[in-house]
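Visitor: Take a look at the following structure, please.
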Amino acid sequence: MVGQAQLVALGLSPRAIRYRIAAGRLVRLHRGVLAVGHGAVSADGRRLAAVMACGPGAALSHRSAAALWSLRPYAGRPEVSIPAQACRSVPDVAIHRSRSLAAEDVTTVDGIPCTTVARTLLDLAASAGRPELVAAITRAEELRIYDGAAIEAALERARGKRGARLLREVLADWSDDRRRDQLLTRNGWTTLRAAYRQLDRDLAQTLRALLAR
């Protein structure tokens, strides 16, 4: 990905840029954002392009950030958070204006500015359902990127934000489940979990899969 302003800074004139676009050597993805060489851009490339198109202070967020962190699959429009005072819209990008996005809530993954795991979970709590949030938290622990202290800090910075209450409730229940699992493990039991939708759709198959473990 490259910004048109970067190309101008490197000495290319607008006419030279237009020529390269016409020749297929540059492919316009968003206004002022171009792919170099071809338009077969990866998912991460499109995420980066969306953030670049949203300007300074933008960060990949919500379900897109969850996908970047490998917490949940997502193939929809890129979701990007920007400062609340920024007045811009970008076609094919879902923009979230935030008054509570602090510098501590943003990091970089594979060169893409994005929300931290803690902030991503908070945003998911505001925009997704409980099952999706629980699945993301569970996956974060599996990947060893779950940080309870960081989540508490993110909640403190975003007091009053929609989703904070749900996140606290889910974390409380999830922590209780973890303590029960640890107690069972110490007593020689193994806990195997299945999502409700698995039991609802195909109980017999799910039970066979669990018993085979």
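Visitor: For region 83-97, what are the residues that are outside any strand (DSSP E or B) and among the charged types (D, E, K, R)? Show your work before the answer.
Guide: Kept after step one, since they are outside any strand (DSSP E or B), are these residues of region 83-97: 84-93.
Of everything in region 83-97, those that are outside any strand (DSSP E or B) and among the charged types (D, E, K, R) turn out to be 88, 92.
Visitor: Hey, another quick one. Identify all residues within region 39-59 that are among the hydrophobic types (A, V, I, L, M, F, W, C) and assigned to a loop (DSSP other than H, G, I, E, B); write none if there are none.
Guide: Residues of region 39-59 among the hydrophobic types (A, V, I, L, M, F, W, C): 40-41, 43, 48-54, 58-59.
Within region 39-59, 40, 41, 54, 58 qualify.
Visitor: What is the residue count in region 53-63 for residues that are free of Cβ contacts under 8 Å to residues at least 40 places away in the same chain and open to solvent by less than 40 Å² (accessible area, probe 1.4 Å)?
Guide: Matching residues across region 53-63 total 1.
Visitor: Exactly one condition in (1) in contact with a strand residue (DSSP E or B) (Cβ under 7 Å, 6 or more places away or on another chain); (2) free of Cβ contacts under 8 Å to residues at least 24 places away in the same chain; (3) of a type in the set (Ser, Thr, Tyr) is false for residue 74; which is it?
Guide: Unmet for residue 74, out of (1) in contact with a strand residue (DSSP E or B) (Cβ under 7 Å, 6 or more places away or on another chain); (2) free of Cβ contacts under 8 Å to residues at least 24 places away in the same chain; (3) of a type in the set (Ser, Thr, Tyr): (1).
Visitor: Any residue at all in region 132-145 that's among the aliphatic types (A, V, I, L, M), at pLDDT 90 or above and assigned to a loop (DSSP other than H, G, I, E, B)?
Guide: Checked against the condition, which is being among the aliphatic types (A, V, I, L, M), at pLDDT 90 or above and assigned to a loop (DSSP other than H, G, I, E, B), region 132-145 yields at least one hit.
Visitor: Pick from region 60-77 the residues that are hydroxyl-bearing (Ser, Thr, Tyr) and part of a loop (DSSP other than H, G, I, E, B): which of them is nearest to residue 159 (Cα to Cα)? Let's see the steps before the verdict.
Guide: The initial filter retains those residues of region 60-77 that are hydroxyl-bearing (Ser, Thr, Tyr), namely 61, 64, 70, 74.
Then keep just the ones that are part of a loop (DSSP other than H, G, I, E, B); that gives 61, 70, 74.
Numbers: 61: 18, 70: 27, 74: 27 Å.
Taking the candidates together, the pick is 61.
Visitor: With the checklist (1) farther than 28 Å from residue 145 by Cα; (2) at pLDDT 90 or above; (3) small (Gly, Ala, Ser) in hand, flag the one item residue 39 doesn't pass.
Guide: Unmet for residue 39, out of (1) farther than 28 Å from residue 145 by Cα; (2) at pLDDT 90 or above; (3) small (Gly, Ala, Ser): (2).
Visitor: Restricting to region 68-93, count the residues that are open to solvent by less than 50 Å² (accessible area, probe 1.4 Å) and touching a Lys or Arg at 6+ places or on another chain (Cβ under 8 Å).
Guide: Looking only at that region, the number is 12.
Visitor: Would you point out which residue out of 80, 27 is under 30 Å from residue 172 (Cα atoms), in a strand (DSSP E or B) and aliphatic (A, V, I, L, M)? Talk me through it step by step, then tell me what you get.
Guide: Values: 27 fails: under 30 Å from residue 172 (Cα atoms).
Within the list 80, 27, the selection yields 80.
Visitor: Only residues that are out of contact with any His (no Cβ under 8 Å at 6 or more places or on another chain) and either of a type in the set (Gly, Ala, Ser) or touching a residue at least 40 places away in the same chain (Cβ under 8 Å) (or both): list them for region 77-91, please. Working first, answer last.
Guide: Just the residues of region 77-91 that are out of contact with any His (no Cβ under 8 Å at 6 or more places or on another chain), to begin with: 77-78, 83-89.
Scanning region 77-91 gives 84, 86, 89.
Visitor: Moving on. I'm trying to understand the selection: among the residues of region 108-161, which are under 11 Å from the mean Cα position of the chain (by Cα), of a type in the set (Ser, Thr, Tyr) and open to solvent by 10 Å² or more (accessible area, probe 1.4 Å)?
Guide: 116, the sole residue that qualifies.
Visitor: Would you call residue 103 closer than 20 Å to residue 64 by Cβ, free of Cβ contacts under 8 Å to residues at least 12 places away in the same chain and of a type in the set (A, V, I, L, M, F, W, C)? Spell out the reasoning first.
Guide: Numbers: closer than 20 Å to residue 64 by Cβ: yes; free of Cβ contacts under 8 Å to residues at least 12 places away in the same chain: yes; of a type in the set (A, V, I, L, M, F, W, C): yes.
Yes, satisfied.
Visitor: Can you tell me how many residues within region 98-107 are part of a strand (DSSP E or B), in contact with a strand residue (DSSP E or B) (Cβ under 6 Å, 6 or more places away or on another chain) and open to solvent by 40 Å² or more (accessible area, probe 1.4 Å)? I'd like the intermediate steps shown before the answer.
Guide: Narrowing region 98-107 to residues part of a strand (DSSP E or B): 98, 106-107.
Checking the rest, the ones that are also in contact with a strand residue (DSSP E or B) (Cβ under 6 Å, 6 or more places away or on another chain) come to 98, 106.
In the following step, the residues that additionally are open to solvent by 40 Å² or more (accessible area, probe 1.4 Å) were identified as 106.
Within region 98-107, residues that are part of a strand (DSSP E or B), in contact with a strand residue (DSSP E or B) (Cβ under 6 Å, 6 or more places away or on another chain) and open to solvent by 40 Å² or more (accessible area, probe 1.4 Å) number 1.
Visitor: In addition: With respect to residue 209, is the statement that it is at pLDDT below 90 and either under 27 Å from residue 46 (Cβ atoms) or in contact with a Lys or Arg (Cβ under 6 Å, 6 or more places away or on another chain) (or both) true?
Guide: Spelling it out, it is not the case that residue 209 is at pLDDT below 90 and either under 27 Å from residue 46 (Cβ atoms) or in contact with a Lys or Arg (Cβ under 6 Å, 6 or more places away or on another chain) (or both).
The values are calculated or read from the model by the stated rules, or taken from the named source; none is laboratory data. Just so you know, these numbers come straight off a predicted model, no measurement behind them. Here Cβ is always computed from backbone atoms with ideal geometry, including for glycine, and neighbour counts include all displayed protein chains. Just the protein is used for accessible areas: all its heavy atoms, side chains included, with ligands, DNA and RNA removed. Shrake-Rupley method; radii C 1.70, N 1.55, O 1.52, S 1.80 Å.
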